[in-house]
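Pasting a structure below so you can have a look.
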Amino acid sequence: NDNFSVIVAAVEQGRAIVSNIRKVITYLLSDSFTEVILIGASMIFGLPLPVLPVQILWVNLIEDGLPDIALAFEPKERGLMKERPQPQRAPLLTGEMKSLIFIIGILTDIFLLGLYMILLKFSHYSIEHIRTVIFAGLSIDSLFFVFSCKSLNKNLWHINILSNKYLLGAWFFGFFMLFMASYFPLFQTLLGTTSLDTIDWIILIGLGLFNLILIEMTKWWYIKRSAKKTRA
């Protein structure tokens, strides 16, 4: 119709779509960059592969797949119409996103590669057990980090992390399938995994939470810097 409110609603919806696309891109590229660096660093140091190809495939399809789809249904954020209009040819992958992807990948790799080298040198675990730990670590980090991707402009404590029911369902499904991959005999044979100990889960969840805190601190720094540029 000829009501100008329709134009406003269309612009707002368009901004919400672009925002969700950027969240999905950030989530996917961060995980992929982490895997590339983890494998590459292990090869450079002459270490055995920290995860098997089939385990990487499982993480990409099962652990990351549904959360990635769920992010596309993220409710529109408040304040979208207060943002400055973007140029017509503005890239989907912004400079802030590139920095965030790089920092997330590096932080995650520092933790996982460090844990991998410690387990190889000091633990009594078999290589299958160590690979299962790293495989679970990749999965847990991505399942925690997906909540940071709910907003690239706000920290976790400024958003409602329960607003997307699809994401919550994907999150619980991801953890359920991770437990299945670690304990169900058929998946153990398929993926080359072994059962993890309680201490393994405590360490991995602790590292995942600490990594999430560092990611949120990085986001906070970029948010503050962007706010200063806007005021200037």
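Pairs 82/219; 23/82; 121/219; 165/224; 23/165: which are spaced more than 27 Å apart, C-alpha to C-alpha? Present the calculation step by step, with values, prior to reporting the outcome.
Values: 82/219 20 Å; 23/82 19 Å; 121/219 34 Å; 165/224 29 Å; 23/165 17 Å.
Too far apart for the 27 Å limit: 121/219; 165/224.
OK, next. Cut-off 19 Å, label point 7 angstrom out along Cα-to-Cβ of residue 93: give me the residues of the range 131-149 whose amide nitrogen falls inside.
Answer for the range 131-149: 149.
Oh, and also: Any idea what the alpha-carbon Rg over 2.2 N^0.38 Å comes to for the range 63-103? All intermediate terms of the calculation are to be shown ahead of the outcome.
On the way: Rg = 13.4 Å, N = 41, 2.2 N^0.38 = 9.0 Å.
Its radius of gyration relative to the 2.2 N^0.38 Å reference: 1.49.
Select from 222, 166, 125 the residue whose mean-square fluctuation is largest in a Gaussian network model of the chain (Cα-Cα springs shorter than 10 Å).
Result for the chain, Cα springs under 10 Å: 125 fluctuates most.
Just subtract the alpha-carbon distance of residue 172 and residue 225 from 0.36 nm times their residue separation and send over the number in nm, one decimal.
Values: separation 53, 0.36 × 53 = 19.08 nm, distance 3.44 nm.
Extra length from residue 172 to residue 225 when fully extended: 15.6 nm.
How much mean residue ellipticity at 222 nm does the chain get from its helices, if each DSSP H run of length 4 or more adds -39500 (n - 2.57) and you divide by all residues, to the nearest 500 deg cm²/dmol? Before the final figure, lay out each step's value.
On the way: 8 runs with 161 residues, N = 232.
-24000 deg cm²/dmol, from helical runs alone.
Something else: With springs only between Cα atoms under 10 Å apart, run a GNM on the chain and tell me which of 82, 150, 23 wobbles the most.
82
Connecting C-alpha atoms closer than 10 Å in a GNM of the chain, tell me which of 92, 207, 178 has the biggest fluctuation.
92
Here's a follow-up. Under 13 Å from a point 7 Å along the Cα-to-Cβ line of residue 76: which residues of the range 1-31 have their amide N that close?
Label zone hits: 5-20.
What accessible area per residue, rounded to a whole number of Å², is obtained for the range 90-232 using a probe radius of 1.4 Å?
With all protein chains present, the range 90-232 gives 51 Å² per residue.
Follow-up question, since we're still on this one. With r defined as the distance between the Cβ atoms of residue 123 and residue 210 and R0 fixed at 22 Å, what FRET efficiency is calculated, to the nearest 0.05?
0.65
In nm, to one decimal, how far is the modelled label at residue 199 from the one at residue 157, with both set 7 Å along Cα→Cβ?
The modelled label-to-label distance comes out at 3.3 nm.
If you take the C-alpha gyration tensor of the range 21-114, multiply each eigenvalue by 5 and take the square root, what semi-axes do you get, largest first, in whole Å? Numbers along the way, then the final one.
Numbers: eigenvalues 193, 53, 20 Å².
Working from the Cα gyration tensor, I get semi-axes of 31, 16, 10 Å.
Using only Cα atoms, find the angle between the long axis of helix 95-122 and the longest principal axis of the chain, and express it within 0 to 90 degrees, rounded to the nearest 10.
10
Go through (i) 69, 36, 30; (ii) 90, 38, 32; (iii) 58, 35, 31 and flag the label whose value is the computed Cα extents along the principal axes in Å for this structure.
For Cα extents along the principal axes in Å, the calculated option is (i).
The values are calculated or read from the model by the stated rules, or taken from the named source; none is laboratory data. This is a predicted model, so every value here is computed, not measured. Note: ideal-geometry Cβ built from the backbone for every residue, glycine included; neighbour counts use all protein chains shown. What goes into the accessible areas is simple: the full protein's heavy atoms, side chains included, and nothing from ligands, DNA or RNA. Shrake-Rupley method; radii C 1.70, N 1.55, O 1.52, S 1.80 Å.
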